[in-house]
Amino acid sequence: MIYLDNSATTKPFPEVVDSFVTVATKYFGNPSSLHELGMKAEQLLTQSREQIAKSLGVKPSEIIFTSGGTEANNFAIKGVALTYRHRGNHIITTAIEHPSITEPCRQLEELGFDVSYLSVDKTGRVNIDELVKTIRDDTILVSIMHVNNEIGSIQPIEEIGQLLTQYPKILFHVDHVQGIGKVPLQFHKAHIDLCTMSAHKFHGLRGAGILYVRDGVRLSPLLAGGGQEMQRRSGTENVAAIVAMAKALRMSLEKYRERIAYLWDVKKTWIRELQAIPDIQVNTPLEHSAPHIINFSLNGLKSEVFVHELAKQDIFVSTTSACSSKKKAPSKTLLAMGADQKRAESAVRVSLSFENTLEEIPIVIRAMKEAIQKLQEVTR
């Protein structure tokens, strides 16, 4: 099997699965319970929070555990909107955000909020000057993803954060789901107020995520109830998944330091080999892009059929993002970048992890050429 869909989800590290099983079977108490088993679970929760905070260079009090990236993004967007609406009702985001950002924004628009969607250039990056022109007196939030989940473009987060220091009433949220463990981001240096991460994108387990909330930022809770997570996110904590997430984050960051140069070699080789195929257009730029995402188009051929052809040979890639792939919709990121409908409808994404190798590339390239030839014969 050759797995090339790591932006959808990563394979958990074996050590991470082991830690989950150990905690789930031996320390299964509710961390809010007063008995010894509950206290042990609470201790593990505290240790995990401290470990994650240390890994990210922030305070433990700034780490809120969630069920994943979608909840964390919703919490950030809606929490800010409801808490700070007395300041204004204007939100700025981009045209290429993940649905867990755009859909909450659409919901807020129905409640009377005004949302501006920044355009991107042909490389998938926002223009700082456009952001400046979009800021208004009633702007309360700017939400911009770090790494685009479809083409891998990296936004100028530090530059944006520095700019926003001139507007102390505006909070800055960053969706770091695709960047964490692969593209470094220093929260304080970038002046980030809120930041989203998801465990299963860095070899943890599904069902656990992180929302960094800078000290001093208030958020209206998305979930009301027992007051867990410092009164911010009610619901019994998934201690086993959180412990596993802390281990996955530490291990992923270590892997980054050890293998990032090799990962870049793999990506560059992938792009060179794809560019040599006449029926393929590479959409991911080499500059200002993440080391693990390569997006290309099939010159009008049906990408979902191409994906299924590769799967027959135990090679797994995807079309657009995992959340949108079954809708058979054109890539909204490519459309925002100025690509035509034909190119946006035939997009395919290869997304790597540190476990992918150079040796896999010729095997997959050969299978891709065979799949393209088969599709061309069918459509003649």
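Quick look at the values:
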item: Tally of residues being within 14 Å of Ile2 (Cβ to Cβ) and hydroxyl-bearing (Ser, Thr, Tyr) across region 331-363; result: 3
item: In region 295-316, residue farthest from Glu360 (Cα to Cα) [restricted to those that are open to solvent by less than 10 Å² (accessible area, probe 1.4 Å) and part of a strand (DSSP E or B)]; result: Ser297
item: Residue match in region 167-184 (condition: touching a residue at least 40 places away in the same chain (Cβ under 8 Å), more than 21 Å from the chain's Cα centre (by Cα) and more than 30 Å from Glu15 (Cα to Cα)); result: yes
item: Region 70-125, residues that are small (Gly, Ala, Ser), touching a residue at least 40 places away in the same chain (Cβ under 8 Å) and either under 17 Å from Thr139 (Cα atoms) or not in a helix (DSSP H, G or I) (or both); result: Ala76, Gly79, Ala81, Gly88, Ala95, Ser119, Gly124
item: Residue list for region 173-226, filter: buried (at least 24 other Cβ atoms within 10 Å of the Cβ) and of a type in the set (Phe, Trp, Tyr); result: Phe202, Tyr212
item: Evaluation of Glu237 against (1) open to solvent by 30 Å² or more (accessible area, probe 1.4 Å); (2) in contact with a strand residue (DSSP E or B) (Cβ under 9 Å, 6 or more places away or on another chain) (one fails), failing number; result: (1)
item: Any hit, region 7-15, residues being under 26 Å from Leu253 (Cα atoms), open to solvent by 20 Å² or more (accessible area, probe 1.4 Å) and in a helix (DSSP H, G or I); result: yes
item: Every residue from region 250-294 that is polar (S, T, N, Q) and either in a helix (DSSP H, G or I) or open to solvent by 30 Å² or more (accessible area, probe 1.4 Å) (or both); result: Ser252, Thr269, Gln275, Gln281
item: Single condition Ser153 does not satisfy, out of (1) in contact with a strand residue (DSSP E or B) (Cβ under 6 Å, 6 or more places away or on another chain); (2) surrounded by fewer than 21 Cβ atoms within 10 Å (Cβ to Cβ); result: (2)
item: Residue list for region 16-57, filter: open to solvent by 40 Å² or more (accessible area, probe 1.4 Å) and among the aliphatic types (A, V, I, L, M); result: Val17, Val21, Ala24, Leu34, Leu37, Met39
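The values are calculated or read from the model by the stated rules, or taken from the named source; none is laboratory data. The shown structure was predicted, so the numbers you read here are calculated from the model rather than taken from an experiment. All Cβ positions, even for glycine, are placed from backbone atoms using ideal geometry, and neighbour counts span all protein chains on display. For accessibility, only protein heavy atoms count, side chains too; no ligands or nucleic acids. Shrake-Rupley method; radii C 1.70, N 1.55, O 1.52, S 1.80 Å.
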